[in-house]
1. Which condition from (1) part of a strand (DSSP E or B); (2) closer than 21 Å to K148 by Cα is the one that P129 breaks?
2. Only residues in region 171-189 that are of a type in the set (S, T, N, Q) count as the first member; pair them with residues that are exposed (fewer than 15 other Cβ atoms within 10 Å of the Cβ) and assigned to a strand (DSSP E or B), Cβ under 6 angstrom, at least 6 apart or cross-chain, and list the lot.
3. Please go through region 40-69 and give me each residue that is surrounded by 15 or more Cβ atoms within 10 Å (Cβ to Cβ), part of a loop (DSSP other than H, G, I, E, B) and not hydrophobic (A, V, I, L, M, F, W, C), ordered by number.
4. Of all residues in region 162-175 being modelled with pLDDT of 95 or more and among the charged types (D, E, K, R), which is nearest to G44 (Cα to Cα)?
5. Please go through region 137-172 and pick out each residue that is closer than 17 Å to Y96 by Cα and among the basic types (K, R).
6. Assuming K150 fulfils every condition listed in (1) out of contact with any Asp or Glu (no Cβ under 9 Å at 6 or more places or on another chain); (2) within 30 Å of T43 (Cβ to Cβ); (3) in contact (Cβ under 8 Å) with a residue 40 or more places away in the chain; (4) basic (K, R) apart from one, which condition is it?
7. Test of understanding: among E159, E87, E133, E111, which residue is modelled with pLDDT of 95 or more, of a type in the set (D, E, K, R) and over 23 Å from A45 (Cβ atoms)?
8. Taking the residues in region 71-84 that are closer than 17 Å to V137 by Cβ and out of contact with any helix residue (DSSP H, G or I) (no Cβ under 6 Å at 6 or more places or on another chain) as candidates, determine which candidate is modelled with the lowest pLDDT.
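The values are calculated or read from the model by the stated rules, or taken from the named source; none is laboratory data. Worth saying up front: this structure is predicted, and the values here are computed from it rather than measured. Neighbour counts run over all protein chains shown; Cβ positions are idealised from the backbone, glycine included.
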Amino acid sequence: MVRSMLKLLAPLIVLAVAAPGPARADLVADLSEHLVAITTGFTGAKVLLFGTTGGEGDVVVVVRGPLNAEVVRRKGRKAGIWVNQAEMVFEGTPSYYAVAASRPLSEFLPERVAEREQIGIRNLRVKPPEDAEPAEVETFRAALIRNKQKVNLYSVEPEPISFLGNRLFRTDMFFPANAPVGTYIVRVFLLQDGEVVSAEITPLVVSKIGFEAGVFDFAHRHSLAYGVLAILIAVVAGWTASIAFHKG
């Protein structure tokens with residue numbers, strides 16, 4: 001009985017699958033790995049992001065690292081010596097920020113969408129002190145961005161996204177050796193006619209493992225003891241080197 005019903009339904013199933021329909025805006029994306037392990041000799045890592053779209057459009061990827069309070073200082077001369085003259089703290093600042101796009105953002109991304117989704121460095125929202133002057137905020141914010149870009153934690157220009165055919169896409173994301181540990185958020189957008197029609201969010205963890213993880217955890221949990229231990233190690237190392245030098 002069951003076999004007879006399947007034989008009758010089979011042609012209908014084939015027709016339903018083969019029947020043409022409107023282009024769908026579905027988006028599916030994933031990472032080649034969800035853990036970047038920092039070990040001895042870590043020099044950075046590349047993670048492949050790949051996916052497919054159910055319809056034509058442009059793809060944008062935004063990667064944000066853990067949020068921190070970032071301090072930006074301005075130096076000046078005082079009595080002929082360079083000293084810190086002013087500083088500003090930005091709360092909720094991504095420790096890492098990168099963008100990738102299937103083509104130049106100016107060709108398809110409206111400013112209102114870029115601002116809403118924080119796509120692009122100039123649309124990145126960070127929280128300055130409430131009583132700070134707007135001109136000062138802009139100066140210190142620009143310095144914050146420059147400092148992050150110098151150490152390769154903020155992208156300067158969007159990385160390219162390659163399409164394989166009309167639906168499959170891929171891009172390589174690079175995490176430098178100084179990438180902060182924590183959970184990163186990878187957001188993937190599909191845009192059609194200047195509007196976000198689909199989006200995916202996936203996490204990525206950057207973590208120290210092995211001996212480095214133990215040292216990192218001890219330093220954060222017992223900062224005073226770690227400082228004392230570091231001083232003792234330095235003293236012992238200096239004393240040992242001194243003895244070896246005199247013997248030589």
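1. So P129 meets the others, but not (1).
2. Listed pairs, sorted by first residue: T183/P203; T183/V205.
3. Across region 40-69, the qualifying residues are G54, G55, G57, G65, P66.
4. D172
5. Result: R141, R146, K148, K150.
6. Looking at each condition in turn, K150 falls short on (3).
7. Of E159, E87, E133, E111, the one residue that is modelled with pLDDT of 95 or more, of a type in the set (D, E, K, R) and over 23 Å from A45 (Cβ atoms) is E111.
8. Taking the candidates together, the pick is R74.
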